[in-house]
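Worksheet: the structure to be examined is printed underneath.
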Amino acid sequence: MSLEVGDTAPDFSLKNQFGEIVNLGDFKNKKNVLLMFYPFAFTGKCTEEMCTIRDERNDFVNDETQILSISCDPSSSLKIFAEQQELTTPLLSDFWPHGQVSKAYGVFLEDSGFANRGTFVIDKSGIIRWKVVTSPGEVRKTSDYRLALSAL
């Protein structure tokens, strides 16, 4: 199933890198959400993207917006990844049931067993207002995120 702009974002509850449950629904009517799916922690392009978000964090995490990043890694691996890279935004584990949230957003690669690179801008009412899905090897541009968020 592929989600499109204008669709309601599927709600989910996933563990973050500290083992705490994060619910997408907790942000409804409070904050826009920049939802990023990425293949794996500790890999070159994923680390590059996550460190760019770390360095540009103030553009994406504020009174109006929260960023949530999702991979199929276990939360224990995400904790070490966050510590090593000094990542401060929530890294959510879609490890078990394996890829369930990635599948709901149409970015799970069945043949590979991991999430593709997909980004969704979800407004405060829970509606997808922008999306981009690229190949696993193609790094996304944070300038596109800024533009999409400024349109809300």
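Yes or no, residue by residue, for (1) hydroxyl-bearing (Ser, Thr, Tyr); (2) at pLDDT 95 or above; (3) not in a helix (DSSP H, G or I):
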site	(1), (2), (3)
GLN66	no, yes, yes
PHE81	no, yes, no
LEU92	no, yes, yes
TRP96	no, no, yes
GLY118	no, yes, yes
VAL132	no, yes, yes
GLU138	no, no, yes
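If you scan the range 43-64, which residues turn out to be part of a helix (DSSP H, G or I) and surrounded by fewer than 14 Cβ atoms within 10 Å (Cβ to Cβ)? Correct list: GLY44, GLU48, CYS51, ASP55, ASN58. The listed residues are ALA9, ALA82, and the only one of them that is within 22 Å of VAL139 (Cβ to Cβ), buried (at least 19 other Cβ atoms within 10 Å of the Cβ) and either out of contact with any Ser or Thr (no Cβ under 7 Å at 6 or more places or on another chain) or free of Cβ contacts under 8 Å to residues at least 40 places away in the same chain (or both) turns out to be ALA82. Of the residues in the range 96-112, none is within 13 Å of ALA41 (Cα to Cα), surrounded by 15 or more Cβ atoms within 10 Å (Cβ to Cβ) and charged (D, E, K, R). One residue stands out among those in the range 98-116 that are under 12 Å from the mean Cα position of the chain (by Cα), assigned to a loop (DSSP other than H, G, I, E, B) and modelled with pLDDT of 95 or more: the one that is nearest to GLU48 (Cα to Cα), which is VAL107.
Applying the condition of being assigned to a loop (DSSP other than H, G, I, E, B) and of a type in the set (A, V, I, L, M, F, W, C) to the range 5-21 and asking which residue is nearest to ASP123 (Cα to Cα) yields ALA9. Test of understanding: among SER71, SER93, SER102, SER77, which residue is farther than 24 Å from ASP7 by Cα, touching a residue at least 24 places away in the same chain (Cβ under 8 Å) and among the small types (Gly, Ala, Ser)? One residue alone meets the criteria, SER77.
When SER135, SER75, SER143 are screened for being surrounded by 14 or more Cβ atoms within 10 Å (Cβ to Cβ) and polar (S, T, N, Q), only SER75 passes.
The values are calculated or read from the model by the stated rules, or taken from the named source; none is laboratory data. Fair warning: this is a prediction, and the values are worked out from it, not measured in the lab. So basically every Cβ, Gly included, is an ideal-geometry build from the backbone, and we count neighbours across all protein chains shown.
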